[in-house]
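Reading through the C-alpha cells given below for one structure.
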Amino acid sequence: MSLFSPEKESQCMLLFDIGSGSVGGAILLASATHTPTLLYSFRSEIILRSRATGRHLLSHMLRSLSEVVLAVTKEGFGVAGFGVHPPQIREVFVSLSAPWVMSKTTFLSLKNKKSEVLTPAVFTTLLEHSREEADPLELGKKDGIEIERKLIKTILNGYETSVPYGKEAAEVDFAVFRSFSVARITEQIMDTISRHIHAKHSSFHSFSMVAFAVLRELYPSEESFLIVDISGEQTEISVVKNGVLVEIVTFPSAKIHILRLLEGDASVPFSGTTTLLKLHSESGSTGPMAEKFSRIIEKGKKEWREKFSEALSKFSAEVFLPRRVFLTADDDVSPLFAEAIRQGSFPHFSMSSTSFDVTELRSDQMASLVRWSPSQTPDVFISLIATVANRLRR
C-alpha cells in the first residue's frame, strides 16, 4: 500500500526540516514525469552550550529558521537559476522532529454481522470514537493540535488492501498514524516563513512518517525494522512491525551530548567542538591528544548506548524488536552512533541474540527517487523529505 497520492504537474516547492539540532531549507523542483530535483539547500545549526529549557530551544530554533528562510530567498533562488524573478511558490512542506512533534498510531476495528460498504464517513466515525479515549500524548488540551493523519494500513475481512473505500466487508481493521504539535509552535514557524514567502498552501509533517514512507519505497521486502533518528539534542526511535509504524520513543541524548563532553573533558571551546569531531572522524589521526579525544568519544557513545537501551525497554512488552535498523544522523556522527549500536548487546529486546544490523541512510541511496543539482551538497534529511513532498504535493 503506497502512502503517496498520484503525481501532479511540475511545480516549485520549498522544504523545511526542523529538528532539535539544526534547521534545513531547500528549493525543490517537483515533477510529475521526471525525478524531482533539489536546486538549493541551506542548513543552520542550533548549538546550545548547556541543556536548554523548552522556551530557550524554541527561540534558538526560530532564529535558525529565520536564517534559513533568508538564505533561500536572498541567495537560493539565484543559485537555483531563477535570477531576479523568483518563482511562484505554491507549497511549503515543513517536516518536524522531536521535540516539536509527537506521534501515535491508533488501531481501529469494526465488526458487523453482515458486509457493508466501507466509506470515508465510516472511517471518520471510528476515528472520532477513538478520540473519546484519554490522549496519551500529554500535549495539553488547550495547545495540542493534530497536524497529520495518515491511513497506513487497511485490512478487509482479513486481507490487506490499498483501496478500501467502496468495497464491502464485515470486518475492518485500520492503522492510523497521527502527529501532534503545539499551536504556538506551528504558528511561530509559519509566521517566520511567511515574512518572506507567500505560498498558496503549507503543511506540517512528522519526520518519522517521512522516513517510514521512503523506507517502504526503498526496501519493500522489509516488513519490520527500527528507524533511529539522531538529531542535536534528541534521539527518536520508531518501531515498524509488519509494515506498520506502531510505536515511537524519544530520549534527550544525541550529537550535542558528545560535543559537550569534548568541551568539558578535553577543555575545547564549544565553538570548536564540531570541527574537532569532524576532523577526528575523517582523519583518524594519532598521538596523545587524538587518543584523549577517542576516549572521550567512546565515553559519549557508551553513555548514549545506555540511554538507547533504556529507551528500548519503554516499548510495549508485546512488541518484539526487529534486528534491522535504519539510522539517520549527520555525516560527522552517523558512523559513531552506528558503531555504538553494533557494539551493544540487546538480546532481551530482540527476537535474536545477535546484534542489530545497522544501515546508515545516505542521499545516494535515494538517487532513483530524488536528484541534486551538481552545485549542491546532498543532505540525507532533505532527500527524504523531498521524496515525500514530491508525492504528497497538492
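Provide, as a two-decimal number, the C-alpha radius of gyration of the range 157-270 over 2.2 N^0.38 Å, N being how many residues it has. Intermediate values should be presented prior to the final figure.
Numbers: Rg = 20.0 Å, N = 114, 2.2 N^0.38 = 13.3 Å.
Rg over 2.2 N^0.38 Å, computed on Cα atoms: 1.50.
Give me the Debye-computed log₁₀ of I(q)/I(0) at q = 0.06, 0.12, 0.13 Å⁻¹ for the chain, equal point scatterers on Cα only, no solvent, two decimals. Those come out to -0.25, -1.01, -1.18, one per q.
Which parts of the range 189-227 would a label at ASP143 reach, counting a residue when its backbone N lies under 12 Å from a point 7 Å out along Cα-to-Cβ? No residue passes the distance filter.
Rounded to the nearest 10 Å², what accessible area does MET190 show when all protein chains are kept and the probe is 1.4 Å? Rounded to the nearest 10, the figure is 40 Å². Placing R0 at 56 angstrom, the Cβ-Cβ distance between LYS278 and GLU160 gives a FRET efficiency of 0.80 after rounding to 0.05. Extending 7 Å from Cα along the Cβ direction at ILE47 and again at THR119 yields two label points whose distance is 5.9 nm.
With r as the distance between the Cβ atoms of THR106 and SER294 and R0 = 56 Å, compute the FRET efficiency 1/(1 + (r/R0)^6) and round to 0.05. Can you show the working numbers first?
On the way: r = 45 Å, r/R0 = 0.81.
Approximately 0.80, to the nearest 0.05.
Amide H contacts for SER20 (H built 1.01 Å from N in the peptide plane; partners 5 or more residues away or on another chain; cut-off under 5 Å): GLY232, GLU233, GLN234.
How do 272-280, 178-186 rank on mean C-beta neighbours within 10 Å, highest first? Each step should come with its number before you reach the end.
On the way: 272-280: 16.8, 178-186: 19.3.
Per-residue Cβ counts within 10 Å, averaged per peptide and sorted highest first, yield 178-186, 272-280.
Within the range 193-331, the percentage of alpha carbon pairs spaced more than 28 angstrom apart rounds to 37%. All C-alpha pair distances within the range 78-129, sorted into 10 Å bins from zero, spread as 14, 24, 20, 18, 16, 6, 1 percent across the bins. Across the range 62-74, coupling constants 3J(HN,Hα) worked out from phi with the 6.51/-1.76/1.60 Karplus curve, θ = phi - 60°, read 5, 5, 5, 4, 4, 5, 5, 4, 5, 5, 5, 7, 7 Hz, and Gly and Pro carry x.
Considering the chain as a Gaussian network with a 10 Å cut-off on Cα pairs, which listed residue, VAL268, VAL72, VAL228, attains the greatest mean-square fluctuation? In the Gaussian network model the winner is VAL268. On a per residue basis, the chain carries 46 Å² of accessible surface, using protein heavy atoms and a 1.4 Å probe. Carbon-plus-sulfur accessible fraction, the chain (probe radius 1.4 Å, protein heavy atoms only): 51%.
Extension gain for the segment PHE270 to SER194, taken as residue separation times 0.36 nm less the Cα-Cα distance, is 24.1 nm to one decimal. Distance from a point 7 Å along Cα→Cβ of PHE82 to each backbone N in the range 354-394: keep the residues under 16 Å and list them by number. Answer for this model: 373.
The values are calculated or read from the model by the stated rules, or taken from the named source; none is laboratory data. None of the values given here were measured: they were computed from a predicted structure. Cβ atoms come from the backbone with ideal geometry, glycine included; neighbour counts cover every protein chain shown. Each accessible area value is taken on the protein alone, full model and side chains, heavy atoms only, with ligands, DNA and RNA left out. Shrake-Rupley method; radii C 1.70, N 1.55, O 1.52, S 1.80 Å.
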